[in-house]
1. Which whole-Hz couplings ³J(HN,Hα) result when phi for each residue of the stretch 119-128 is put into the Karplus expression 6.51 cos²θ - 1.76 cosθ + 1.60, θ = phi - 60°, listed in order with x for Gly and Pro?
2. Which value, in nm² and rounded to one decimal, describes the direction-averaged projected area of the C-alpha convex hull of the stretch 1-77?
3. Sorted by accessible area (1.4 Å probe), largest first, how do Phe108, Phe19 line up?
4. Taking amide H positions as placed 1.01 Å from N in the peptide plane, with prolines and chain starts having none, which residues 5 or more places from His101, or on another chain, fall under 5 Å of its amide H?
5. Going down the list Lys182/Lys287; Lys119/Lys287; Lys161/Lys237; Lys153/Lys182; Lys248/Lys287, which pairs span over 25 Å between their C-alpha atoms?
6. With equal scatterers on the alpha carbons only and no solvent term, can you work out the Debye log10 of I(q)/I(0) for the stretch 1-159 at 0.18 1/Å?
7. Please identify every one of the trypsin sites (Lys or Arg not before Pro) in the stretch 110-206 that sits in a loop by DSSP and has no more than 16 other beta carbons within 10 Å of its own beta carbon.
8. How large is ³J(HN,Hα) for each residue in the stretch 90-95, as worked out from phi by the Karplus curve 6.51 cos²θ - 1.76 cosθ + 1.60 (θ = phi - 60°), to whole Hz, x for Gly and Pro?
Amino acid sequence: MQDYAHITVEPASRNCGAFIAGIDLKKPITEAVCREIHAALMRHQVVFFRDQDVTPLEQTTFARHFGPLRIKHRSAFELHDDTPEVSVIVNDRAHPPYIDHYHADGMFRAEPEFASMLKAEAPPAMGGDTIFVSLTAAWNGLSDALRATLDDKIAVYDFMKLHSTPEKARNWTGPSREGMIKSRDENPPVQHPLVPKHPVTGERCLYFSESFTASILGLNKYESEAMHALLTRHCAKPEFQYRLQWRKGTIAMWDNLSSLHYAVADYWPDTRIMHRLTILKDAIGMKGAVAAE
Ligand SMILES: [Fe+2]
């Protein structure tokens, strides 16, 4: 087991997630602390911090330790007025939640974001959990026969696979329309390995999501559709998951290559407000951090 000198790390489940304690994110943190958080993230795919009453500016200051942040344009989500790296995700009676699908952020991009960080600003009194999936556990959980079939496959990932669905239609009208068109035009379908080797841990990840994986090259249309349905069901197995119950001030940070997430939409019409940012590249991993053993 990795020894952590500066933080405590409590696994949330055997395959996915860990809670990190012993840290106040309102205060400056050292590089040594960041390296330990990074090691925990690499080992558990997603890490959680409780009771962190940080402002959007403090959230971005913390996140920048791990890499440069995406400067967003207004599309599906509002941006924070003073901190435009932070998306303000508001779901309420007038804005029903439609993020109840398994995905990793940025899968549809030529260069997907390394990580995302979500803070519960105003969670609902009941419901609104987020389910996280370990894609290393999902890959290891397939049979040898299916792994042999998928091992070297390339898949097509498409922004419009999700955003052309009827549930997302409201984003194509009103103030978000211009941003959606820009996102669509900037993100034509791209290809990625279906089972990439993680650049830090060396582990294989089943880089698949029901929302953005459009097809698998080398399979015919019917085989690809059937494989999509099979992998969608496979990734939804509870054995690969951890379901986080948010409290105000809970922060989750996840690795977008080795995990999926799903926002459970059982709280509507109550209100749920979250602050999200994305980290473009893994600054610590690129320096040669070694994942926890
Ligand atoms: Fe997401």
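1. 10, 7, 7, 8, x, x, 4, 9, x, x
2. The number I arrive at for the stretch 1-77 is 6.3 nm².
3. Result, largest first: Phe19, Phe108.
4. HN-HN under 5 Å from His101: Ala263.
5. Result: Lys182/Lys287; Lys119/Lys287; Lys153/Lys182; Lys248/Lys287 exceed 25 Å.
6. Evaluating at q = 0.18 Å⁻¹ gives log10 I(q)/I(0) of -1.42.
7. Passing both the DSSP loop test and the Cβ count: Lys153.
8. 10, 10, 8, 3, 7, 10
The values are calculated or read from the model by the stated rules, or taken from the named source; none is laboratory data. Predicted model only: the values in this text are computed from it and were never measured. No Cβ is skipped: glycine too gets one built from the backbone with ideal geometry, and neighbour counts run over all protein chains shown. Remember, those area values only see protein heavy atoms, side chains included, never the ligands or the DNA or RNA. Shrake-Rupley method; radii C 1.70, N 1.55, O 1.52, S 1.80 Å.
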